[in-house]
Amino acid sequence: MTDVALVDRMRPGDHVCWTFAHDGERRRVVGGWVRAGLRDHHLIVYRTGAADAVTELAAERVDTRAAIASGRLRVLPVGEDWLAAGAFDADTADRAFHADLEQALRSGYAGLRAIADMAWAARRDPGAEQLGRYERQINRRIAGGYGMALCLYDRRVFAEPRLSELTRAHPAAVTERTPHTGSPLLRMVRRADGLRLSGEADLSNRDAFATVLAHLLEDTTAPEVVLDLTDLRFADATSCRQVVTVARESGGRVRTVGARPSLRRLLALQGAERVPGLLPSVAV
């Protein structure tokens, strides 16, 4: 089983796909996530299809009675929430996440900590497009830096290649191959004039990266949009091409800062030097 201590290294701005193949791991992950949210004064929203979810949390040393009574923890059955209309709709679920985030901030919490057990989607298939679109869309909400989400996918019921497709909609994933140290692979957090990237952008998170980039210009009102690449350790050729494409479509509104030499070279190979202002010269 994967080391659930990884839960404690997640922070607002993270959207993580956690795959598991053992119910004990799922319970420990959920318990760790909720305990961390109570510690960090987050509003915790847990969507699940499990009838015994509250009992499971109590077994994981969560004072569920106090947490629920205070409003700090909400346990929502998906049948009464996401599936209330009889079918899952990506836009409805996205609006629900936005409403949760707004409530968290309005109520004085440090942020929103959402977790969803996605087992219901294997039993009542919402369609790959609806579920994938929802997972991609909420990256825009989370990039504001006040929300975080953990999506639990059971490898016993979600088969490839669908699981890989859903994983790519998240900036980071935890699988049986994930090292027990470190942080989520990619973090994308908006700043007042653009977006700060850290970690690595590659095939595993390509759809999440593309979604946030595609909406960068409408989500950022500054006249000049800055992509802060100071902490981006690696980006593959496709990710660099996505950056160049967005910059070209902006009409010169996007520029990068902090790109390390290897990343500058790869951006240049994808045409960055032909986009005015995107790749500022570096003093030698």
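Each value in this text was obtained by applying a stated rule to the coordinates, not by laboratory testing. Since the structure is predicted, the reported quantities are computational estimates derived from the model, not experimental observations. Cβ placement follows ideal geometry from the backbone for every residue including glycine, while neighbour counts extend to all protein chains displayed.
Structure values in brief
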| item | result |
| --- | --- |
| Diffusion constant of the chain at 10 °C, which comes from Stokes-Einstein with the Kirkwood Cα-pair radius and 1.306 mPa s, µm²/s | 81 |
| Per-residue Cβ neighbour rank within 10 angstrom, fewest leading, Trp33, Trp120 | Trp120, Trp33 |
| Sparsely packed GluC sites (Glu not before Pro) within the range 191-284, loop by DSSP, other Cβ within 10 Å at most 15 | Glu224 |
| Principal axes of the range 134-274: Cα extent on each, largest first, Å | 47, 29, 26 |
| Cα gyration tensor category, rounded, prolate or oblate, for the range 1-157 with a/c compared to 1.5 | rounded |
| 5 angstrom amide H check on Ala259, placed H, neighbours 5+ away | Leu229 |
| Cα gyration tensor shape of the range 120-195, rounded if a/c is under 1.5, else prolate or oblate by comparing a/b with b/c | oblate |
| Three-way shape label, the range 67-106, alpha-carbon gyration tensor, a/c 1.5 | oblate |
| Under Karplus coefficients 6.51, -1.76 and 1.60, residue-wise ³J(HN,Hα) of the range 157-165 in Hz, glycine/proline x | 10, 9, 8, 6, x, 4, 4, 5, 4 |
| The range 3-91: trypsin sites (Lys or Arg not before Pro) falling in loop per DSSP and having at most 10 other Cβ within 10 Å | Arg61 |
| Note, ³J(HN,Hα) from phi for the range 216-221, Karplus 6.51, -1.76, 1.60, rounded to Hz, x at Gly and Pro | 4, 5, 7, 7, 10, 8 |
| Choice from Ser70, Ser250, Ser204 showing the highest fluctuation, given a GNM over the chain with Cα pairs closer than 10 Å | Ser70 |
| 222 nm mean residue ellipticity, helices alone, for the chain (DSSP H n ≥ 4; -39,500 (n - 2.57); rounded to 500) | -11000 deg cm²/dmol |
| Packing-based exposure ordering (other Cβ within 10 Å, fewest first) of Ser239, Ser107, Ser183 | Ser107, Ser183, Ser239 |
| GNM result for the chain, Cα springs below 10 Å: residue of Gly32, Gly71, Gly132 fluctuating most strongly | Gly71 |
